[in-house]
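Structure record follows, encoded as structure tokens.
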Amino acid sequence: MTGAQLLDLFDAQVTSRQLDLAGRWLRSFGEGYYTISSAGHEGNAAVAAALRPTDPALLHYRSGAFYCVRAAQSAAPAAVAPVAAPVPDQTADDHADGAAAERAADHAGGGAGIGGEAGASDSEHGDSAVPAASDNGGENGDGTGTSGPSAGAPDPSDESPAHESTAAHPGVEPAFSTDAPGGRVPAANGPTGTGRDVEMAGPTPADGDGVDPVAAPESRPLPGAYADAARDVLRGMVASSQEPIAGGRHKVFGRADLAVVPTTSTIASHLPRAVGMGLAVERLRRQEARRGPAQPGEPPAPAPWAADAIVVCSFGDASINHASATAAFNTAGWYDHTGLRIPVLFVCEDNGLGISVRSPQGWVATALRSKPGIRYFAADGADLVEAYQVAVEAAAWVRRHRRPAVLHLTTVRLMGHAGADAESAYRSAGEIAADVLRDPVAATARRLVDAGLASGAELLERYDEIGWQVRRIAEEVLDEPKLASPAEVIAPLAPRRPLRVARAVADAGAQAAGPGAAARTETFGGKPPELAGPFTLAQSINAALTDGLLSHPQMAVFGEDIAAKGGVYGVTKGLRDRFGVARVFDTLLDETSILGLGLGAGLAGMLPVPEIQYLAYLHNAEDQLRGEAASMGFFSQGALRNPMVVRVAGLAYQEGFGGHFHNDNSVAVLRDVPGLVIAVPARPDDAAAMLRTCLASAAVDGSVCVFLEPIALYHTRDLYTDGDGEWLAGYSEPGAWAGGHVPVGRARVYGVGSAEDVTIITFGNGVRMSLRAASALADEGIGSRVVDLRWLAPLPVADLIREAAATGRVLVVDETRRSGGVGEGVIAALVDAGYVGAARRVAGVDSFVPLGPAARHVLVSEEAITEGARTLLAR
Ligand SMILES: Cc1ncc(C[n+]2csc(CCOP(=O)(O)OP(=O)(O)O)c2C)c(N)n1
């Protein structure tokens, strides 16, 4: 590290510290809304400096210094030089054909995933020349693993990255020039093609070794990028609508142009996404390597990141205990074990505390060292030079090998957990004072003084000067506008462009009917589905998924048991054979990670279609949908999106089989997720059309859709009598897709008898039951209109109000629970719209669904529907 670089990183650290102080100052007179600080964690400046500005980053909330450095790197792209190119990928060519890819995946235990097409039989993975932390437990498993700067001890297969990239890029300029004061930014990528300026520092005793003493320039104005970064952060603190990523909706570190993806305040919830991003980055890299650059007329690869990017995600030490974190570590290790590449650098910033709860002595290192498949690096985060050196090694290792690693950065926490935290209540004065002695900003200052780069007085002056600049910017942003109306707040939540969605469906139909017709017929084995019906719900979804995979080249279908087995109900049968393991693959058994893969893949430009095997199993992972997927537009003002169609098999009526877990009828937890689309198809023909709509909406608007499939109707064929085949439907030929398009939020209405006496509003299994009940009522002379909502969110409010008004008597048939069930929303929508007629509900009992015949006691029955209608008419 050069002296000039150290001076720059010092500036970043000081800017971050001054931002913390400004946050408290703003709070002191009620103009600041956030006081969690980065103080004590400023060593993360070194991590940013060790990465490329294009490496996507998902940051801990103590990342002020990282953010400043990233902003500075981005502002000076010329300073960026490639480092440690990935190990040449033999396998991409080896397994270019689908059959070989599948063999590779099978070899990996069926565990192929995004990128699974090429990685499983990866020769390098098992190559003894590349010692992997997980290979023999030597480093990770036996407690004797490396730590400190030697953690990334020279890997026998690692040529010096510095030599390699310098040779590969002989024309690369030094990252910055010391004779250009003011224009300097920290060198990106550390020991990379930066020639003389950046050297790997050896051990760094306190005498300044490890720093290449370059005379400090006389005047060092705060780089504009640091001031810009400070402005971003301050805007977040004052909830300014001009804040660059969330626009005042939250205080986050994020900016699309800096490749910093905003994270929520739910600790560790970003880690599953980071793993998904790593898999997606690698998949797209392999895809590109295989097909070469896009040809004229060909759509460009959608990847927003460089092919050799690595993903970095940071978090605190207490967070490593969280289920989301352990899921992410496990998934990264699991995929690594199968031979798939996940270039993710986990960075644990270990200050020894949660809020007040201490991490037990040695626990963090023990836990992080023992993660299978994840290489362990450790550094003192209070020592910028050491942290930089180890971060460079760790990042280069991940980049070269495309494998996960964790960087354990020991830090301290200064100024408490947040502004209001009186840490003296749970920490001794001695403990707090000991942390102050390890202040990383002071440590960097000491290094600068020891190296003769500055005097203490100069650095104090610098500290104050930056403080004044930050304070001045704080004053400037104070009066910036805040979000001023509900409409403004929700504007980026879930954009809906129904006309474009309809056009996308029509275009897909035109393509499938025209230029894509031959390939489509071949994919369907010579007989397109419109000639093969009529279909059940399951068959129809299967055909629509096939058409979706044909229409959307970036679409991937994945989940537990969906590939080799074809799903527990056969809904995805044959898809892997038709499209290969790169696009249709089995995942490990972890719903959090399945959704995390979707989150990362969506962000990478793919169209993920994950499956949750049963609705009951969505619940332990739902934060990934609620907190992560659905909030991305909100926290990024639409700059980033994670389109997704989550297929979920659910609802009840399995004739008592499987009890609650196969009959879960609770969707309340989904209904209030802002912006989420919830589709519940009841009929085979609606299912295909609605799936097309969801895919188009995800592709066009970035929508997050839950496609809830009623298991009990998957294989249902008849409606009124055995063998009538009335619950089967033909599959639309592509030319008819546009005409049969089902927009989001539009219901279907059936008239039964005169259709004048009662309006039955229902969905899912309730549709079939209500039609049967309506038929019985018609025999009694009672005419019904049965409204299938089709969409639980957004509810088809206009349709249901119109149909309710048509009879003035509404019976809501709700197979979910009476409390928190869909019926509450329907009745509320009617009341809100001024409906003044009669209304009743039949709904599931507030209970879990029991095993066997007892299930009938808690579920809605046809008898209850007819009774409900009669009671309504008797009033
Ligand atoms: C899932 C979740 N549970 C609880 C919290 C409340 N909370 C916020 S920060 C924090 C402590 C986190 O400690 P650590 O991961 O060590 O990070 P540090 O703040 O020490 O940097 C807690 C419990 C949260 N944000 N998310």
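The values are calculated or read from the model by the stated rules, or taken from the named source; none is laboratory data. Here the structure is a predicted model, which is why all the values come from computation and not from measurement. Don't worry about glycine lacking a Cβ; one is built from the backbone with ideal geometry, like all the others, and counts go over all protein chains shown. Ligands, DNA and RNA are stripped out before the accessible areas are found, and what is left, the full protein with its side chains, is counted by its heavy atoms. Shrake-Rupley method; radii C 1.70, N 1.55, O 1.52, S 1.80 Å.
Note that region 252-266 has calculated 3J(HN,Hα) couplings of 9, 8, x, 6, 4, 6, 9, 6, 9, 8, x, 10, 8, 8, 7 Hz, one per residue in order, obtained from phi through the Karplus relation 6.51 cos²θ - 1.76 cosθ + 1.60 (θ = phi - 60°); glycine and proline are x. Per residue, the accessible area of region 378-522 comes to 44 Å² when a 1.4 Å probe rolls over the protein heavy atoms. Summary value for region 722-864: 23 percent relative contact order, contacts being C-alpha pairs under 8 angstrom separated by 6+ residues. Between TYR569 and ALA442, what is the label-to-label distance in nm when each label sits 7 Å out along the Cα-to-Cβ direction? Result for the modelled spin labels: 6.4 nm. For region 417-514, the alpha carbon positions stretch 73, 38, 31 Å along the principal axes, listed from largest to smallest.
Listed values for region 817-827 are Karplus-derived 3J(HN,Hα) couplings in whole Hz (6.51 cos²θ - 1.76 cosθ + 1.60, θ = phi - 60°), namely 7, 4, 8, x, x, 4, x, 4, x, 5, 4, and x replaces Gly and Pro. Take 311-321, 420-430 and order them by the average number of nearby Cβ atoms within 10 Å per residue, most first; the result is 311-321, 420-430.
The stretch between LYS482 and ARG503, if pulled fully straight at 0.36 nm per residue, gains 4.0 nm over its current Cα-Cα span. The calculated FRET efficiency for ASN321 paired with ALA833, based on their beta-carbon distance and R0 = 41 Å, is about 0.30. Take region 727-815 with all the other protein chains still there, run a 1.4 Å probe, and you get 31 Å² of accessible area per residue.
Considering only the other residues whose Cβ falls under 12 Å of the Cβ of SER784, what net charge follows from Lys and Arg at +1 and Asp and Glu at -1? Intermediate values should be presented prior to the final figure.
On the way: positive: ARG772, ARG785, ARG809, ARG870; negative: GLU756, ASP757, ASP779, GLU780, GLU803.
Cβ neighbours under 12 Å give a net charge of -1.
Please identify which residues in region 711-741 have an amide N closer than 15 Å to a label point set 7 Å out from the Cα of LEU589, following the Cα→Cβ vector. So the set is empty, nothing qualifies.
Placing a pseudo-label 7 Å from each Cα along the Cα-to-Cβ vector at THR871 and ASP577 gives an inter-label distance of 5.1 nm. What is the distance, in nm, between label points placed 7 Å from the Cα along the Cα-to-Cβ direction at ALA491 and at ALA806? Reported label-point gap for ALA491 and ALA806 is 3.9 nm.
Got a sec? Which residues in region 732-748 would a label at THR521 touch, if it sits 7 Å along Cα→Cβ and we count backbone N under 18 Å? Only 732-736 pass the distance filter. Across the options VAL752, ALA793, MET769, the greatest Cα extent toward the positive end of the charge dipole of region 748-796 (unit charges at beta carbon of Lys, Arg, Asp, Glu) belongs to ALA793. Take region 660-702 with all the other protein chains still there, run a 1.4 Å probe, and you get 20 Å² of accessible area per residue. What's the center-to-center distance, using Cα atoms, between region 580-605 and region 770-835 in Å? Going from one Cα centre to the other spans 36 Å. Distance from the C-alpha centroid of region 456-472 to that of region 222-263: 22 Å, rounded to the whole angstrom.
So which GluC sites (Glu not before Pro) in region 474-513 are both in a DSSP loop and have at most 10 other Cβ atoms within 10 Å of their Cβ? Could the numbers behind the result be given before it?
Values: sites: GLU475, GLU476, GLU488; in loops: none.
Here no loop site has a sparse enough neighbourhood.
How much net charge surrounds ARG626 when only other residues with a Cβ under 15 Å from its Cβ are counted (Lys, Arg +1; Asp, Glu -1)? It works out to a net charge of -3.
Roughly speaking, what is the stretch gain from GLU733 to SER356, that is 0.36 nm per residue apart minus the C-alpha to C-alpha distance, in nm to one decimal?
Between GLU733 and SER356, full extension yields an extra 129.5 nm.
When only the Cβ of Lys, Arg, Asp and Glu is charged (+1, +1, -1, -1), the dipole of region 779-875 relative to its Cα centre reaches about 180 debye.
Net charge of the neighbourhood of PRO498, taken over other residues with C-beta under 11 Å away and scored Lys/Arg +1, Asp/Glu -1, is +4. With the cut-off at under 15 Å, measuring from each backbone N in region 411-441 to a point 7 Å along the Cα-to-Cβ line of VAL449 picks out 437-441.
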